[in-house]
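Working notes for the structure below.
The values are calculated or read from the model by the stated rules, or taken from the named source; none is laboratory data. Values in this document were obtained by computation on a predicted structure and should not be read as measured data. Backbone-built Cβ (ideal geometry, glycine too); neighbour counts: all protein chains shown. We work out accessible area using only protein heavy atoms, side chains counted, and drop any ligands, DNA or RNA first. Shrake-Rupley method; radii C 1.70, N 1.55, O 1.52, S 1.80 Å.
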Amino acid sequence: MLKTPAYAAASAKEPLRPFTIERRDPGPHDVLIEILFCGVCHSDIHQVRDEWGGAIFPMVPGHEIVGRVKHVGDQVTKLKVGDLAGVGCFVDSCRACEPCRANTEQFCERGMAPTYNGTEMDRKTPTQGGYSSQIVVAEHYALKIPAGLDPAGAAPLLCAGITTYSPLRQWNCKQGDRVGVVGLGGLGHMAVKLAASMGAEVTVLSTSRAKEADARRMGASAFEVTKDEATFQKLAGRFNLIIDTISAPHDYNAYLGMLRPLGAMVLVGVPPEATPVGAFSLIAGNKRLAGSMIGGIAETQEMLDYCAEHKIVSDIEIIPVQQINAAYERMVRGDVRYRFVIDSASLAAT
Ligand code: NAP
Ligand code: ZN
Ligand code: ZN
C-alpha cells in the first residue's frame, strides 16, 4: 500500500483537513499517477456537505485530476512512465454490461466506481479523490492529456469540460445555433468556450453583470441578467439549446420559455432540492427538458483532443490545498473565475 498525503472532510459539518490515505499497490493493468493539479468542482461541495445524501466519510474529494505517470503495470499499453495523464469522475465500472460496452461507462448497470464518495467494484473499498498527491487507476479509466494543453488549465476538462462537451454533441450544436448558457461558473465557462468553438451564437444568462467582459472574451456574443424579470420576456422563444449549470434551486419553467419550438434545455447543474415543471412549459412548442451526466472514457478522450486542437483550457485560479475551505465559500457565493485548481505540490507541506 502507498501512503498518500491528502485533504479530507471527516463529516458533512467539518472543514477539510490534512489526512493520510493508502493507495493500492499498482497491479498489471494499473498506472500510478503523481498528481500535479486537481480542479475543484461544485459537486465536491455538494458531496462534502452531504447535500445529495449517502455521503461516505472520511471523504477526499476531487475528480479533475492531471498528473505525471510514475509507474505502469507490465500489461499497460495506453500510457508510459513520464506521460501526462488525467482521471475524471470514475475509476472503474463492470466493463461487461451494455452501457460499458457502448463506451458509456458512467451508466454501468452495476454502478460505476466514482473517483470518490463511493466504492471500488468490490463494493467494499472506499474510493478517494484527487485532493491527494497520487492515485492508482486501471489504465482504461485514465485519459491521455494531449501535448500542448497546459496541465493546470486542462484539469477542469476532466469534469467541467466533458460535462458540457457531451450535451453540446448530443444535441448537435452547430454553426449558427443560438445557445444559452445559464450560470457562468466552472461548467458554464467551459460551455461558452466549447459552444462558441462549434460556431454557435452564445448568450450567457448570469445573476449579475459582473462577469460580462469575461463572458465576451470567452466567446459569448450576448450577456443577460436573470435577476431582471424583463430578460425572460426579451428572450422568449430565442434559443435552440440551453445548457443549465446552476447549482442551486431555480424555476426551470422560466428558462423553458426562452426556447424556440423543438428546442431543448439540458440540465447539468444538480440543485439539492427538486423544482416542479409545469406541463405547458414543455407542451407549448414541443420543448424537450433533458439531463446529461459527465461522459464516457472515449468521449472524454475525444473532448481532450478537441480542446488541444482548438486551444481550449479552463480559466483557472491556482490555490494551495490549504485554501480549499475558503475557495468553497467563494464558489457558494458564485465568486469563481472560473475554476479553482489545487496545486498538488502544496500537499507536501501538510
Ligand atoms: P460553480 O463553478 O459554482 O458555478 C455555478 C454557477 O451557477 C455560479 O457561478 C453562478 O453563476 C450560478 N449560480 C450559483 N448559485 C445560483 C443561484 N442561487 N441562482 C442562480 N444562479 C446561481 O459550479 P460548477 O462546478 O460549474 O457546477 C455547477 C453544477 O453542476 C453543480 O450543481 C454540480 O454539482 C453540477 N455538476 C454536474 C455534472 C453532471 O455530470 N451533470 C458534472 C459536474 C458538475 P453566475 O455568477 O453566472 O450567476
Ligand atoms: Zn465535477
Ligand atoms: Zn458496466
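Applying a threshold of 7 Å to beta carbon distances and a minimum spacing of six or more residues, or different chains, the list of pairs starting in segment 283-312 at a residue that is outside any helix (DSSP H, G or I) and ending at one that is among the polar types (S, T, N, Q) and open to solvent by 20 Å² or more (accessible area, probe 1.4 Å) reads S292/Q170; G296/N103; G296/T104; I312/S197. All of (1) in the same structural domain as L259 (by TED's automatic domain parsing); (2) within 14 Å of ligand 1 (Cβ to nearest atom) hold for A155 with one exception: (1).
Considering segment 256-268, and only residues there that are free of Cβ contacts under 8 Å to residues at least 60 places away in the same chain and under 16 Å from G188 (Cβ atoms), the residue that is nearest to the chain's Cα centre (by Cα) turns out to be L267.
This table checks each residue for (1) under 27 Å from D44 (Cα atoms); (2) not in a helix (DSSP H, G or I).
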residue: G188; (1), (2): yes, no
residue: A195; (1), (2): yes, no
residue: A210; (1), (2): yes, no
residue: I242; (1), (2): yes, yes
residue: P249; (1), (2): yes, yes
residue: Y255; (1), (2): yes, no
residue: R260; (1), (2): no, yes
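The sole residue among L149, L143 that is of a type in the set (A, V, I, L, M, F, W, C), within 17 Å of the chain's Cα centre (by Cα), assigned by TED's automatic domain parsing to the domain that holds R17 and at negative phi is L143.
Please enumerate the residues belonging to segment 85-102 that are within 16 Å of ligand 1 (Cβ to nearest atom) and within 26 Å of V72 (Cβ to Cβ). So that I can check it myself, show each step before the final result.
First pass over segment 85-102, keeping only residues within 16 Å of ligand 1 (Cβ to nearest atom): 86-91, 93, 99.
Within segment 85-102, G86, V87, G88, C89, F90, V91, S93 qualify.
When you go through A327, A345 one by one, which is the residue that is within 16 Å of ligand 2 (Cβ to nearest atom), part of a helix (DSSP H, G or I) and in the same structural domain as G153 (by TED's automatic domain parsing)? Every option except A327 fails the conditions. R337 satisfies every condition listed in (1) open to solvent by 50 Å² or more (accessible area, probe 1.4 Å); (2) under 18 Å from the mean Cα position of the chain (by Cα); (3) over 20 Å from K227 (Cβ atoms) except (3). Pairs are defined by a Cβ separation below 6 Å, a sequence spacing of at least 6 or placement on different chains, a first member in segment 155-169 that is touching a residue at least 60 places away in the same chain (Cβ under 8 Å), and a second member that is of a type in the set (S, T, N, Q) and part of a helix (DSSP H, G or I); the pairs so defined are I162/T300. When P271, P276 are checked against the criterion of being under 18 Å from the mean Cα position of the chain (by Cα) and outside any strand (DSSP E or B), a single residue qualifies: P271. Filtered by the rule that a residue be free of Cβ contacts under 8 Å to residues at least 24 places away in the same chain and either acidic (D, E) or open to solvent by 40 Å² or more (accessible area, probe 1.4 Å) (or both), segment 65-101 gives K80, V81, A96, E98, R101.
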